[in-house]
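Report on the following structure.
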Amino acid sequence: PRGGDNPHQKLKANKILRLLERTLLIGGSIDAEALCVKSGEWVWRLHVEVSLLDDGGNAVDACALAAVAALRHFRLPEVRIGGGDGDGNGNGNGDAPETTTIIHSDDREPSPLPLHHTPLTSTFALFSDESGESVAVSSLLDPSDREE
């Protein structure tokens, strides 16, 4: 998230970025081992970019939903590792180094990204009695930007 020049926008962009990191990476939604093509050498790197056009409230939840939808839609291409002498450096018996080939989706169907679970976020606004006469708190689901 870029956030533009406005400090409030930058703060909100960083808040959304941290929530996505906590939800998707730290929360264990993505199976990191499934992104490994060859241990210690080849790994898929995912980049999820979310563009927020307007914030009428609940932008965090909308961005999280968009990121999860993108990951659910994403397909990993098949990768073939072969050739060479098996040690990957090509200095064995005169064989060429191992070659890594990404199989085109026309030749073999890409596989869905394995996700352990589908996280969903919900924003609540809590309102207390401003007069102080009551300790009751009211909650509001999906608040607008003014209510947030």
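The values are calculated or read from the model by the stated rules, or taken from the named source; none is laboratory data. Because the structure is a prediction, the values reported are computed rather than measured. Cβ atoms come from the backbone with ideal geometry, glycine included; neighbour counts cover every protein chain shown. We work out accessible area using only protein heavy atoms, side chains counted, and drop any ligands, DNA or RNA first. Shrake-Rupley method; radii C 1.70, N 1.55, O 1.52, S 1.80 Å.
Some observations on this one:
- Residue within the stretch 1-19 that is surrounded by fewer than 16 Cβ atoms within 10 Å (Cβ to Cβ), touching a strand residue (DSSP E or B) at 6+ places or on another chain (Cβ under 8 Å) and assigned to a loop (DSSP other than H, G, I, E, B) present: no
One line per residue, one yes/no per condition, for (1) closer than 18 Å to Glu21 by Cα; (2) aromatic (Phe, Trp, Tyr); (3) at pLDDT below 80:
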{"site": "Leu53", "(1), (2), (3)": "no, no, no"}
{"site": "Gly84", "(1), (2), (3)": "no, no, yes"}
{"site": "Asn93", "(1), (2), (3)": "no, no, yes"}
{"site": "Glu109", "(1), (2), (3)": "no, no, no"}
{"site": "Leu115", "(1), (2), (3)": "yes, no, no"}
{"site": "Pro119", "(1), (2), (3)": "yes, no, no"}
{"site": "Ala125", "(1), (2), (3)": "no, no, no"}
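- The single condition among (1) outside any strand (DSSP E or B); (2) modelled with pLDDT of 85 or more that Leu140 does not satisfy is (1).
- Pairs where the first residue, in the stretch 75-88, is more than 11 Å from Thr99 (Cβ to Cβ) and the second is modelled with pLDDT under 80 and not in a strand (DSSP E or B), C-beta under 6 Å, 6+ apart: Asp85/Gly92; Asp85/Asn93; Asp85/Asp95
- Residue selected from the stretch 98-148 under the condition β-branched (Val, Ile, Thr) and over 25 Å from the mean Cα position of the chain (by Cα), by the criterion surrounded by the fewest Cβ atoms within 10 Å (Cβ to Cβ): Val135
- Search result, residues across the stretch 32-69 that are open to solvent by less than 40 Å² (accessible area, probe 1.4 Å) and within 15 Å of the chain's Cα centre (by Cα): Ala34, Leu35, Val60, Asp61, Cys63, Ala64, Ala67, Val68
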